[in-house]
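All remarks here apply to the structure that follows.
The values are calculated or read from the model by the stated rules, or taken from the named source; none is laboratory data. Please read all numbers here as calculations on a predicted model, not as lab measurements. Every residue, glycine among them, receives a Cβ derived from its backbone with ideal geometry; neighbour counts consider all protein chains shown. To get the accessible areas, we keep the full protein, side chains included, count just its heavy atoms, and leave off ligands, DNA and RNA. Shrake-Rupley method; radii C 1.70, N 1.55, O 1.52, S 1.80 Å.
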Amino acid sequence: MDTVKNDPPQVMMQLTAAPATRRAWAADVWAHRQVTLMLARKDFQTRYKRASFGILWAVLLPLVQAAVFVVVFSRVGHFNHTTFDYSAFVLAGTLSWAYFAMVGQSASTSIVDGASMTDKVWFPRSVLVLVPVLSNLFSLLTSMVLLLIALPIVGAHFTWRLLLLLPAIGLLVAFSVGFGLVTSALYVYFRDVRFIVQAGLLVVFYLTPIVYPATSLHSIGPYMALNPMTGIIGIFQLAAAGPFGPMAHALAVSLVATVLLLGIGMEANRRRDRLFVDQL
């Protein structure tokens with residue numbers, strides 16, 4: 001007697017130009033979390049493949065850069081004559097900035113760079129933005145561990161302020177996600193965005209109090225608070241080096257900028273996700 005085999009029901013996905021609802025879009029991104037983690041793991045492994053020092057390169061380079069800044073600016077600008085530990089100040093700022101710079105460059109081109117993949121398997125393209133954020137997160141955490149190890153070496157002390165590293169990491173990651181979502185969507189339509197981001201990161205680095213306290217600029221110092229990265233980097237520096245000046249305005253700007261970037265970035269990706277393919 002022949003048995004009838006029941007084939008499993010086939011699920012068909014129909015994509016139209018109409019954007020998904022906010023809830024459906026968010027649920028879709030969450031449903032592809034395993035894809036995000038897999039791509040992040042692959043990106044991490046590929047980046048340091050066959051490198052003798054592996055992930056240490058992601059930390060050694062900012063450490064060398066911070067050491068050079070400490071030597072040069074302590075002699076040229078005499079910033080080391082401060083009430084806080086200048087070496088810890090520069091080290092915390094450089095290590096945290098390194099994460100944002102690496103994520104910013106990779107995430108801004110991620111949707112276009114991953115076009116060959118999304119042509120074969122469908123998933124929300126915003127997943128590609130999250131890949132460099134997660135793949136570089138381990139480097140950031142490793143940097144923070146080395147920061148804690150280096151503090152006694154440079155003469156800084158362990159205090160309760162080190163607990164601020166946790167919200168600082170959260171705010172830095174959130175800002176990086178928002179920045180990546182906005183710039184990656186723009187890059188689909190305007191390929192000049194890659195070069196604007198590269199030049200912008202270089203300019204913003206020197207406009208962010210990483211190697212100098214904003215108070216040293218006298219009348220210009222208060223305007224540094226308008227830079228969203230000032231408040232974010234400042235939390236890392238406060239945790240490592242201690243109080244170095246007022247931070248309320250800078251932190252408020254950072255929080256507002258993070259919320260705006262996340263909101264605009266998620267909305268842009270939700271509305272244009274199904275239309276990106278026409279430009280890739």
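Would you be able to say whether some residue in the range 82-99 is open to solvent by 10 Å² or more (accessible area, probe 1.4 Å), polar (S, T, N, Q), in contact (Cβ under 8 Å) with a residue 40 or more places away in the chain and more than 20 Å from V59 (Cβ to Cβ)? So far as the range 82-99 goes, yes, one or more of its residues are open to solvent by 10 Å² or more (accessible area, probe 1.4 Å), polar (S, T, N, Q), in contact (Cβ under 8 Å) with a residue 40 or more places away in the chain and more than 20 Å from V59 (Cβ to Cβ).
Which number in (1) more than 26 Å from L61 (Cβ to Cβ); (2) modelled with pLDDT of 90 or more marks the one condition that T118 misses? In the conditions (1) more than 26 Å from L61 (Cβ to Cβ); (2) modelled with pLDDT of 90 or more, T118 misses (2) alone.
Any residue in the range 165-176 that is within 23 Å of V259 (Cβ to Cβ) and among the hydroxyl-bearing types (S, T, Y)? Yes, that holds for at least one residue.
Of note, P246 satisfies the criterion of being open to solvent by 40 Å² or more (accessible area, probe 1.4 Å), in contact with a helix residue (DSSP H, G or I) (Cβ under 9 Å, 6 or more places away or on another chain) and assigned to a loop (DSSP other than H, G, I, E, B). Across the range 231-256, the number of residues qualifying as in contact with a Lys or Arg (Cβ under 6 Å, 6 or more places away or on another chain) and free of Cβ contacts under 8 Å to residues at least 12 places away in the same chain comes to 0. For the range 195-213, the set of residues classified as open to solvent by 80 Å² or more (accessible area, probe 1.4 Å) and in contact (Cβ under 8 Å) with a residue 40 or more places away in the chain consists of Q198 only. Residues considered: W57, W97. Of these, the only one that is closer than 27 Å to P132 by Cα, out of contact with any strand residue (DSSP E or B) (no Cβ under 7 Å at 6 or more places or on another chain) and at pLDDT 80 or above is W97. For the range 214-230, the set of residues classified as free of Cβ contacts under 8 Å to residues at least 40 places away in the same chain and surrounded by 14 or more Cβ atoms within 10 Å (Cβ to Cβ) consists of A214, T215, G221, P222, M224, A225, N227, T230, listed by residue number.
For the range 156-174, residues that are open to solvent by 10 Å² or more (accessible area, probe 1.4 Å), in contact (Cβ under 8 Å) with a residue 60 or more places away in the chain and not in a loop (DSSP other than H, G, I, E, B) total 8. Among all positions in the range 204-218, there is no residue which is small (G, A, S) and closer than 13 Å to F175 by Cβ.
If you go through the range 176-233 and pick out every residue that is of a type outside the set (A, V, I, L, M, F, W, C), over 20 Å from the mean Cα position of the chain (by Cα) and closer than 13 Å to V253 by Cβ, you end up with 2. Taken over the range 231-243, residues that are part of a helix (DSSP H, G or I) and surrounded by fewer than 17 Cβ atoms within 10 Å (Cβ to Cβ) amount to 0. Of all residues in the range 107-126, those satisfying the criterion of being surrounded by fewer than 23 Cβ atoms within 10 Å (Cβ to Cβ) and either in contact with a Pro (Cβ under 6 Å, 6 or more places away or on another chain) or in a helix (DSSP H, G or I) (or both) are V112, D113, A115, S116, M117, T118.
The residue list S116, S126 contains one member that is hydroxyl-bearing (S, T, Y) and touching a residue at least 12 places away in the same chain (Cβ under 8 Å), which is S126.
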